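The values are calculated or read from the model by the stated rules, or taken from the named source; none is laboratory data. Everything numeric here is computed off the predicted structure, so don't read it as measured data. No Cβ is skipped: glycine too gets one built from the backbone with ideal geometry, and neighbour counts run over all protein chains shown.
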């Protein structure tokens, strides 16, 4: 997984479509007067990443609602996300982590090797975006 806390890290993203999307988000934040360090960070999941590693980076289990403790396999599960957007190459999940609005955007590629449970949550809760 790639953790992006400064713009130069974007170049580490091998998927060109995801790299461009992350760069667009960074450019939009800079245009609005924000700095990545002030509002959070970006996380790009890679196909070899395990759920345990993703959970460790997030600080909570992604397949559970970290406010209610409800698991993905329970009836009426709602993930603890602000937004899931679908794009041709990936899903973008927005988490707000603090009262100050700080959070992170996690990009989940639509690729073999990405945890299927994570892709299923994305598919189920996604709004369809425009690339």
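Some observations on this one:
- Total residues in segment 1-22, condition surrounded by fewer than 18 Cβ atoms within 10 Å (Cβ to Cβ) and either in a helix (DSSP H, G or I) or modelled with pLDDT of 90 or more (or both): 11
- Helices (runs of 4 or more DSSP H) (entirely within segment 23-131) containing at least 1 residues that are exposed (fewer than 12 other Cβ atoms within 10 Å of the Cβ) and modelled with pLDDT under 90: 36-39, 116-125
- Of all the numbered requirements in (1) touching a helix residue (DSSP H, G or I) at 6+ places or on another chain (Cβ under 7 Å); (2) more than 17 Å from residue 24 (Cβ to Cβ), residue 105 misses one, and that requirement is (2).
- Residues satisfying the stated conditions in segment 59-80, i.e. within 20 Å of residue 2 (Cα to Cα) and in contact (Cβ under 8 Å) with a residue 40 or more places away in the chain: 62, 63
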